[in-house]
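Report on one structure; see the data block that follows.
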Amino acid sequence: MENYFQKLKNYLLEMEISIVSESEEDNIFVIENENDGISNMLIAIADPIVIIEQNLFKVAKDDGEMYKKLLTKNRDIIHGAFVLDGAGNVLFRDTLQVENLDMNELEGSLNSLTLLLSEFSNELIQFSHA
């Protein structure tokens, strides 16, 4: 069986992504790349997938118009999507197949978030303060 944890770690290091913490026992990384807007991003291996999650903001109040804008923007996101967790946080989330994972695919997911933040940051800031 391939060591997916080490494979993923090698990709992150090769991409010069800062690993804030890691747990091989739990198959989890917390990473950051401040220049790209990545802060405390969780990457978890849950064979057969890799889960990538970045907390964006906590919903202050239910606002149908905000949810509509987030869902509409989902259509433009190259990899991943906006999701709402059970605690009322809006996250960026992507899932990838761990067995075929390559560095280009992982980099594509991270770049997707970076592009999303560069295009949609003003709206996200407004949503977080509403």
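Taken together, the values in this text are just the output of simple stated rules run on the coordinates, not laboratory data. Source: prediction; values computed, not measured. Cβ sites come from the backbone with ideal geometry, for glycine too, and all protein chains shown count toward neighbours.
Excluding residue 91 itself, calculate the net charge of residues whose Cβ lies under 14 Å from the Cβ of residue 91, where each Lys or Arg counts +1 and each Asp or Glu counts -1. Result for the neighbourhood of residue 91: 0. If R0 is 41 Å, the Cβ-Cβ spacing of residue 129 and residue 6 corresponds to a FRET efficiency of close to 0.50.
Label sites at residue 39 and residue 63, each approximated as a point 7 angstrom past Cα along Cα to Cβ, lie 1.9 nm apart.
Along the chain, the longest continuous region that contains none of the GluC sites (Glu not before Pro) in a DSSP loop with at most 16 other C-beta atoms within 10 Å is 26-98. In whole Å, what is the distance between the alpha-carbon centres of the stretch 1-58 and the stretch 62-107? When both Cα centres are located, 16 Å separates them. Please give the helix 4-14 orientation as an angle from the longest Cα principal axis of the chain, in degrees from 0 to 90, rounded to the nearest 10. Its long axis makes an angle of about 70 degrees. Partner aspartates and glutamates whose Cα lies under 16 Å from the Cα of residue 9, excluding those fewer than 8 positions away in the same chain, are identified as 22, 24, 25, 26, 32, 47, 99, 102, 105, 107. Zone of residue 99 (label point 7 Å along Cα→Cβ, backbone N under 18 Å): which residues in the stretch 1-30? Only 1-5, 7-8 pass the distance filter. To the nearest ten degrees, helix 103-129 and the longest principal axis of the Cα atoms of the chain are 20 degrees apart. In the distance distribution for the chain, Cα-Cα pairs more than 20 Å apart total 43 percent.
For the chain, what is the calculated [θ] at 222 nm in deg cm²/dmol (nearest 500), taking -39500 (n - 2.57) for each run of four or more DSSP H residues and dividing by its residue count?
-12500 deg cm²/dmol
For a straight C-alpha distance cut-off of 21 angstrom, the lysines reachable from residue 58 (same-chain residues fewer than eight places away being disregarded) are 68, 69, 73.
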